[in-house]
Amino acid sequence: MLNVKITGSGYYLPPKIETAEEVANKINKSPDWIISRTGVKERRISDIDVDQMAAIACKSAIGNSSQPDLIINA
């Protein structure tokens, strides 16, 4: 039997938020039109690559603990 435990978790959310209203202005539709078809009221916009976002989340998960045996990124 393996002795497995989760010792940390982390995440990264880009700080920049784009609202349905902002998207609506770009595509000449109403915010209600966007929300009714996609369900999206706002979304996060990143200025960095996905691998950089993962690294930030990983550092948050590891914190000050010892070197992990396994990191799962989703």
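Some observations on this one:
- On the stretch given as region 15-31, residues that are in a loop (DSSP other than H, G, I, E, B) and among the small types (G, A, S) total 1.
Every residue, every condition in (1) in contact (Cβ under 8 Å) with a residue 24 or more places away in the chain; (2) open to solvent by less than 90 Å² (accessible area, probe 1.4 Å), yes or no:
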site: G10; (1), (2): yes, yes
site: T19; (1), (2): no, yes
site: E22; (1), (2): no, yes
site: S36; (1), (2): no, yes
site: R43; (1), (2): yes, no
site: S46; (1), (2): yes, yes
site: N73; (1), (2): no, no
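Results for (1) touching a helix residue (DSSP H, G or I) at 6+ places or on another chain (Cβ under 9 Å); (2) of a type outside the set (S, T, N, Q); (3) at pLDDT below 95; (4) in a loop (DSSP other than H, G, I, E, B), shown as yes or no for each residue.
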{"residue": "W33", "(1), (2), (3), (4)": "yes, yes, no, no"}
{"residue": "S36", "(1), (2), (3), (4)": "no, no, no, no"}
{"residue": "I48", "(1), (2), (3), (4)": "yes, yes, no, yes"}
{"residue": "D51", "(1), (2), (3), (4)": "no, yes, yes, no"}
{"residue": "A55", "(1), (2), (3), (4)": "no, yes, yes, no"}
{"residue": "K59", "(1), (2), (3), (4)": "no, yes, yes, no"}
{"residue": "S65", "(1), (2), (3), (4)": "no, no, yes, yes"}
{"residue": "D69", "(1), (2), (3), (4)": "no, yes, yes, yes"}
{"residue": "I72", "(1), (2), (3), (4)": "no, yes, yes, yes"}
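The values are calculated or read from the model by the stated rules, or taken from the named source; none is laboratory data. Please read these numbers as outputs of a predicted model, since none were measured by experiment. Note that we place each Cβ from the backbone using ideal geometry, even for glycine, and neighbour counts take in every protein chain shown. Heads up: the accessible areas ignore ligands, DNA and RNA and are worked out on the full protein's heavy atoms, side chains in. Shrake-Rupley method; radii C 1.70, N 1.55, O 1.52, S 1.80 Å.
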